[in-house]
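Undergrad: Provided herewith is a single structure, encoded as structure tokens, for subsequent inquiry.
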Amino acid sequence: MASAQLALSLKQPWATLLAHGRKTIEIRRWPTNRRGQILIHAARIPDPRPEAWALVPRELLPHAQLVGGFIGVGELTECVHYRTVETFAADREKHLNDPSWFQGPVMYGFVFANLKALPFRRYLGWMRFFEVEPTAVRGIDG
């Protein structure tokens, strides 16, 4: 039996920015040892902060309105540690978070490569990483 695919749920517009490679690091308050292909899931509840939405180019706004399903895929290659606001700010162009959003003592950056937007597929998500059975995503990344 094939192993389950992993997915990570992000609030919009962050999910779209990641799926389209506009950001390549997803910030979390917890680390991960996971590596490999991860489906990008757009959570049902978007980020309400206007400063987050200001980062979305006009051509990506329709994609950023999609919630409650898969919208992309990428390869999780690394987890970096941010122990100071200075190191956090140094990677701002990769994660797009304002330096004032840093919350010590440490934050973590999930580094993604080979990012690709996918056609929307509705699917219930979950916090942190969650498993998706292969039959539920057959053909989604090809």
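Undergrad: Any residue in region 52-72 that is among the acidic types (Asp, Glu) and either in contact with a strand residue (DSSP E or B) (Cβ under 9 Å, 6 or more places away or on another chain) or in contact (Cβ under 8 Å) with a residue 24 or more places away in the chain (or both)?
TA: Among the residues of region 52-72, not one is among the acidic types (Asp, Glu) and either in contact with a strand residue (DSSP E or B) (Cβ under 9 Å, 6 or more places away or on another chain) or in contact (Cβ under 8 Å) with a residue 24 or more places away in the chain (or both), which makes the answer no.
Undergrad: How do the pairs read when you match residues in region 91-104 that are closer than 10 Å to Lys23 by Cα and in contact (Cβ under 8 Å) with a residue 24 or more places away in the chain with residues anywhere that are exposed (fewer than 12 other Cβ atoms within 10 Å of the Cβ) and hydrophobic (A, V, I, L, M, F, W, C), using Cβ under 9 Å and keeping only pairs 6 or more apart or on different chains?
TA: Note: no pairs meet the criteria.
Undergrad: Of all residues in region 8-51, which are under 13 Å from Phe112 (Cα atoms) and either without any contact (Cβ under 8 Å) to a residue 24 or more places away in the chain or in a strand (DSSP E or B) (or both)?
TA: Those that are under 13 Å from Phe112 (Cα atoms) and either without any contact (Cβ under 8 Å) to a residue 24 or more places away in the chain or in a strand (DSSP E or B) (or both): Leu8, Ile25, Glu26, Ile27, Gly36, Gln37, Ile38, Leu39, Ile40.
Undergrad: If a residue counts only when it is open to solvent by 80 Å² or more (accessible area, probe 1.4 Å), which strands (runs of 3 or more DSSP E) contained entirely in region 58-141 have at least 2 such residues?
TA: Qualifying strands (runs of 3 or more DSSP E): 69-82, 107-122.
The values are calculated or read from the model by the stated rules, or taken from the named source; none is laboratory data. None of the values given here were measured: they were computed from a predicted structure. Cβ sites come from the backbone with ideal geometry, for glycine too, and all protein chains shown count toward neighbours. Heavy atoms of the whole protein, side chains included, go into the accessibility calculation; ligands, DNA and RNA do not. Shrake-Rupley method; radii C 1.70, N 1.55, O 1.52, S 1.80 Å.
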